Ligand code: IYR
């Protein structure tokens, strides 16, 4: 049965709204995906706060179909790197099409993934394709249908990345393909599907990023108001 309570909503002045929104935009415009990480340690609390922030995301039926596995153990990072590089090497050398490799060329990526060991934290994000509960009568596990899990986890990861960036950390969103090895190495159950790896820490002293840009606002925003020709 639905239960309701009054919303806690802080109404801001328009000046305050504009100032906050402009400030947030300016900060987000400085985010870059980084592939060369320093081994320097990062306060764990920054990672925990980022995961807590991700946990505030909206989700289908509020089922919160996500698990964030935070890895700092060097031996586990080494295993993840080794498994990822096996898959990535196969992908770059055989599985990816010429068109795909061409699309990636401006990023300068290849199958070598030293950052999976160098960065102090790997956050392995899992999508719970379905939930599990124990039937009280039979003691057997019962599957619970989950809704919109891809969208839900995508939104949560976006919020995770914002938090890490605003905390002064660099990130890399990495999707080794296929990444079923993450279930084995991190001992996650079959209902949890690897979604992506977020590599985080500080950039290496000599880190470089490709010279690429973002589309202009006019190229991504289509406005339909009372003055427009309606679509
Ligand atoms: N997963 C590979 C390839 C890759 C694919 C896309 I699409 C990218 O935007 C970047 C990389 C890798 O991590 O190198």
Fill in the blank from the handout: Result of the Cβ filter at 9 Å on the stretch 16-30, keeping first residues that are more than 21 Å from residue 169 (Cβ to Cβ) and partners that are modelled with pLDDT of 95 or more and not in a helix (DSSP H, G or I), at least 6 apart or interchain, is 20/12
Practice task
Could you list all residues from the stretch 1-38 that are farther than 19 Å from residue 212 by Cα and part of a helix (DSSP H, G or I)?
Solution key: 14, 15, 16, 17, 18, 19, 20, 21, 22, 23, 24
Fill in the blank from the handout: Scanning the stretch 58-88 for residues that are within 16 Å of the ligand (Cβ to nearest atom) and surrounded by fewer than 15 Cβ atoms within 10 Å (Cβ to Cβ), the one nearest to residue 42 (Cα to Cα) turns out to be 82
Practice task
Could you grab the pairs with beta carbons closer than 6 Å, sequence gap of 6+ or different chains, first residue in the stretch 74-96 and without any contact (Cβ under 8 Å) to a residue 12 or more places away in the chain and under 12 Å from residue 177 (Cβ atoms), second one in a helix (DSSP H, G or I) and away from the ligand (no atom under 13 Å from the Cβ)?
Solution key: none
Practice task
Confirm whether residue 42 is more than 16 Å from the ligand (Cβ to nearest atom), in a loop (DSSP other than H, G, I, E, B), in contact with a strand residue (DSSP E or B) (Cβ under 8 Å, 6 or more places away or on another chain) and within 19 Å of residue 197 (Cα to Cα).
Solution key: yes
Fill in the blank from the handout: Taking the stretch 106-117 and keeping residues within 9 Å of the ligand (Cβ to nearest atom) and in contact (Cβ under 8 Å) with a residue 40 or more places away in the chain leaves 107, 109, 113
Practice task
Mind checking which strands (runs of 3 or more DSSP E) fall wholly inside the stretch 115-231 and carry at least 1 residues that are within 11 Å of the chain's Cα centre (by Cα), at negative phi and surrounded by 14 or more Cβ atoms within 10 Å (Cβ to Cβ)?
Solution key: 121-128, 170-174, 192-201
Completion exercise
Going through the stretch 96-105 in order, the residues found to be part of a helix (DSSP H, G or I) and either more than 10 Å from the ligand (Cβ to nearest atom) or at positive phi (or both) are 98, 99, 102, 105
Completion exercise
Of (1) over 21 Å from the mean Cα position of the chain (by Cα); (2) closer than 19 Å to residue 169 by Cβ; (3) not in a loop (DSSP other than H, G, I, E, B), residue 52 fails just (1)
Handout entry: The one condition in (1) within 14 Å of the ligand (Cβ to nearest atom); (2) modelled with pLDDT of 95 or more that residue 192 fails to fulfil
Key = (1)
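The values are calculated or read from the model by the stated rules, or taken from the named source; none is laboratory data. Since the structure is predicted, the reported quantities are computational estimates derived from the model, not experimental observations. Positions of Cβ are backbone-derived with ideal geometry, glycine not excepted, and every protein chain shown enters the neighbour counts.
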